[in-house]
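Remarks on the structure that follows.
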Amino acid sequence: MAQPRLTITQVPTGPIAFSKTGQQFSPFRVYYTTPDGSLPDRVVLTAPGSVTHHFDTQQRYVELVVQGTGQDATGDYVEVYPPLRTGDNGTPIGSHAVPGYYMIFLLTNSQSTTTPSSCLGIPSEAAWIRLG
């Protein structure tokens, strides 16, 4: 029997501006459903794998910054933005993620003592997004 997990229901459909130098980054929303009221507290991107028996120099794992969770007419969402690298003067110089397709996952790693989570530590199934 499969463990309960958060389910991603909607992600942005177009390319997300994510890595241009000096660009202002806008948070984006990832919509989800949960079997037990769990809230995602981590959102991560992973680049798709490459062929076997080679070094994967393009391998990426990027943990996004969670700005908050909420609910609107579309459903429950988590709002995230990229972790930014900064120059010597503190100015954002871009994201750790290069443009391309990524799998996005939601994770619940913390647990309230009043509401135990059956999703604790179990990643959602991936959804695909494109960073531009």
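The values are calculated or read from the model by the stated rules, or taken from the named source; none is laboratory data. What you see is a predicted model; the values in this text were computed from it and never measured. When we count neighbours, we look across all protein chains shown, and the Cβ atoms used for this are built from the backbone with ideal geometry, even at glycine.
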request  = Could you tell me which residue of the range 90-107 is surrounded by the fewest Cβ atoms within 10 Å (Cβ to Cβ), considering only residues that are modelled with pLDDT under 85 and on the phi < 0 side of the Ramachandran plot?
outcome  = T91
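Every residue, every condition in (1) under 18 Å from G14 (Cα atoms); (2) modelled with pLDDT of 85 or more; (3) assigned to a loop (DSSP other than H, G, I, E, B), yes or no:
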site: T69; (1), (2), (3): no, yes, no
site: D76; (1), (2), (3): no, yes, no
site: V80; (1), (2), (3): yes, yes, no
site: Q111; (1), (2), (3): no, no, yes
site: P123; (1), (2), (3): no, yes, yes
site: R130; (1), (2), (3): yes, yes, no
Output for the range 3-23, where each listed residue is loosely packed, with under 15 Cβ neighbours inside 10 Å, under 22 Å from E125 (Cβ atoms) and modelled with pLDDT under 80 = Q3
task = Answer with yes or no whether R29 is of a type outside the set (S, T, Y), within 29 Å of L120 (Cβ to Cβ) and modelled with pLDDT of 80 or more.
result = yes
note = With the first residue restricted to the range 74-91 and required to be closer than 8 Å to Y31 by Cβ, and the second required to be at pLDDT 65 or above and of a type in the set (A, V, I, L, M), Cβ contacts under 7 Å at 6 or more apart or on different chains are Y77/V30
